[in-house]
1. Please list 3J(HN,Hα) in residue order for region 111-126, calculated via the Karplus relation 6.51 cos²θ - 1.76 cosθ + 1.60 where θ = phi - 60°; whole Hz, with x for glycine and proline.
2. Which whole-number percent is the relative contact order of the chain (Cα, under 8 Å, 6+ apart)?
3. Please name whichever of 134, 148, 98 sits farthest to the positive end of the charge dipole of region 69-150, dipole taken about the Cα centre and charges placed at Cβ: Lys and Arg +1, Asp and Glu -1.
4. For 16, 22, 49, what's the largest-to-smallest order of accessible area, 1.4 Å probe?
5. What lysines does residue 20 reach when the alpha-carbon gap must be under 19 Å and sequence neighbours fewer than 8 apart in one chain are set aside?
6. Restrict the search to region 94-150; then list the chymotrypsin sites (Phe, Trp or Tyr not before Pro) that DSSP places in a loop and that have at most 13 other Cβ atoms within 10 Å of their Cβ.
7. Using +1 at the C-beta of Lys and Arg and -1 at the C-beta of Asp and Glu, which of 72, 58, 41 has the Cα lying farthest in the positive direction of the dipole of region 25-106?
8. Tell me the carbon and sulfur percent of the accessible area for the chain, rounded to whole percent, probe radius 1.4 Å.
Amino acid sequence: MPLNQSSSQISSQFWMMFGKYMAPVLSAEGEKINWINYKTGVRNLRFKMQVNKSSITIAIELEHLDILLQQQQFEILLNFKKQFHTICGSNWNWKKEVIAADNKVTARVEATLESVSILNQSQWPDIISFLKTNLIVLDEFWCKFRFAFE
């Protein structure tokens, strides 16, 4: 990391570059899509990309404040686990209950790439490949099965 760039500047630079890289990639339905801020169309259900100092995670996150509704959504997702694995692969972790630092409870289906940092620009190709591949398959799954959540 250059001495004159802060980690937030490098992070912003990565996400801007990634957004431009993904811009020409159409959704599974052949539509233009904002991959960085993917709209599932279902309230409290989103695709989320998170980075920390040594990994990057992509997830389907269920954030409904009503825990019973959140659990129902997770059960719906579980009903399609076989199809999810067929489309997205089996390297995903299914977590019915995740408690965040702010004590917010969510449910997640996530894949993580370990030992990478967006602050290390030499690792950007690996990170981009991981995110692109997983966003595309999540979109394909979502296009086929979102009806169950509507």
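1. 10, 10, 9, 8, 6, 9, 9, 5, 6, 9, 4, 5, 8, 4, x, 5
2. Values: 185 pairs, mean separation 40.5, N = 150.
Rounded, it is 27 percent for the chain.
3. About the Cα centre, the residue reaching furthest to the positive side is 148.
4. Working: 16 125, 22 0, 49 40 Å².
Per-residue accessible area, sorted high to low, gives 16, 49, 22.
5. Straight-distance partners of residue 20: 32, 39, 48, 132.
6. Details: sites: 94, 130, 141, 142, 145, 147, 149; in loops: none.
Passing both the DSSP loop test and the Cβ count: no residue.
7. Highest projection toward the positive end goes to 58.
8. Working: 4470 of 8600 Å².
Result for the chain: 52 percent of the exposed heavy-atom area is carbon or sulfur.
The values are calculated or read from the model by the stated rules, or taken from the named source; none is laboratory data. These figures come from a predicted structure and were not determined experimentally. When we count neighbours, we look across all protein chains shown, and the Cβ atoms used for this are built from the backbone with ideal geometry, even at glycine. Note: areas computed on protein heavy atoms with side chains; ligands, DNA, RNA excluded. Shrake-Rupley method; radii C 1.70, N 1.55, O 1.52, S 1.80 Å.
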